[in-house]
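Undergrad: Pasting a structure below so you can have a look.
No lab work stands behind these numbers, since they all come straight from the coordinates. What you see is a predicted model; the values in this text were computed from it and never measured. Cβ placement follows ideal geometry from the backbone for every residue including glycine, while neighbour counts extend to all protein chains displayed.
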Amino acid sequence: MKLGLSEEDIKKSVNMLSVALADQMTLYVKTRKFHWNVSGQSFMELHKLFEAQYTQLEAIIDETAERINKLGSNTIGTMEEFSKVTRLKEAPGKYPSQKDMLKELLADHESVIVELRKDIDADSDAGTTDYFTKLLQDHETIAWTLRRYLN
């Protein structure tokens, strides 16, 4: 495969993409959980918001996995693999209030934004850097939306 990248650069990009993929999967599962379990006065609005966000994350997950494949590597794909490399924490058995759901998702998206900025600075593959920049912008938009609910 001739991509104009060294094997070392490809491996570095794939490792960063795999961690980003695991973060997306963790956010997807959390957002689904909150979609299923939200209740209260703003139930329908938040139920629909979470659905829109997990649908967006689903597309992002697929794009990230395909970026890994474009670099000639296999993509991790089990919950065990994702949980080993994600930078985010789950809260099994906890069902937060609406406000706390929004705060938790916002904190996770902001964490991903911070980490993606580091990844952009550390990557030598222009294609992956461009992809991370788009991903960063997607997370900034989601975070902005969540933040607006909390103001």
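Undergrad: Taking the dipole about the Cα centre of the chain, with the C-beta of Lys and Arg at +1 and of Asp and Glu at -1, give me whichever of Leu102, Leu21, Val114 is farthest to the positive side.
TA: Of the candidates, Leu102 comes out farthest on the positive side.
Undergrad: Compute the orientation-averaged projected area for segment 49-116 from the convex hull of its Cα atoms and round it to one decimal in nm².
TA: If I average the Cα hull's projected area over directions, I get 5.5 nm².
Undergrad: Placing +1 at every Lys and Arg Cβ and -1 at every Asp and Glu Cβ, with all other atoms neutral, what dipole size does the chain have around its Cα centre, in debye to the nearest 20?
TA: It comes to approximately 480 debye.
Undergrad: Oh, and also: Which whole-number percent is the relative contact order of the chain (Cα, under 8 Å, 6+ apart)?
TA: Relative contact order of the chain: 32 percent.
Undergrad: Which of the pairs Lys2/Lys84; Lys48/Lys94; Lys30/Lys99; Lys12/Lys94 have their Cα atoms more than 26 Å apart in this structure?
TA: Result: Lys2/Lys84; Lys12/Lys94 exceed 26 Å.
Undergrad: Taking other Cβ within 10 Å of each residue's Cβ, how do Ser97, Ser18 sort, fewest first?
TA: Going from sparsest to densest Cβ surroundings: Ser97, Ser18.
Undergrad: Out of the GluC sites (Glu not before Pro) in segment 95-151, which ones are loop residues according to DSSP with at most 14 other C-beta atoms within 10 Å?
TA: Qualifying residues, ordered by number: none.
Undergrad: Let me ask you something else. Counting other C-beta atoms within 10 Å, and keeping those with at most 12, which DSSP coil chymotrypsin sites (Phe, Trp or Tyr not before Pro) do you find in segment 29-114?
TA: Counting only loop positions with at most 12 other Cβ atoms within 10 Å, none of the chymotrypsin sites (Phe, Trp or Tyr not before Pro) in segment 29-114 qualifies.
Undergrad: Can I ask one more? Round to the nearest 10 and give me the degree value, 0 to 90, for the angle of helix 126-150's Cα axis relative to the longest principal axis of the chain.
TA: Approximately 10 degrees, to the nearest ten.
Undergrad: Can you tell which of Ala65, Ala91, Ala122 shows the greatest fluctuation in a Gaussian network model of the chain with Cα springs below 10 Å?
TA: Ala91
Undergrad: Can you tell which of Gly93, Tyr131, Ile60 lies farthest toward the positive end of the dipole of the chain, using +1 and -1 charges on the Cβ of basic and acidic side chains (Lys, Arg; Asp, Glu)?
TA: Gly93
Undergrad: Shifting gears a bit: What is the calculated FRET efficiency for Thr145 to Lys118, with r their C-beta to C-beta distance and R₀ = 25 Å, to the nearest 0.05?
TA: On the way: r = 23 Å, r/R0 = 0.94.
Efficiency computed from Cβ-Cβ geometry: 0.60.
Undergrad: Determine the gain in length on full extension of the stretch Gln41-Thr133; use 0.36 nm per residue of separation and subtract their C-alpha separation, reporting nm with one decimal.
TA: Using 0.36 nm per residue and subtracting the Cα-Cα distance, I get 29.5 nm.
Undergrad: Can you give the Kirkwood hydrodynamic radius for the chain, in Å, rounded to one decimal and based on Cα pairs?
TA: About 16.0 Å for the chain.
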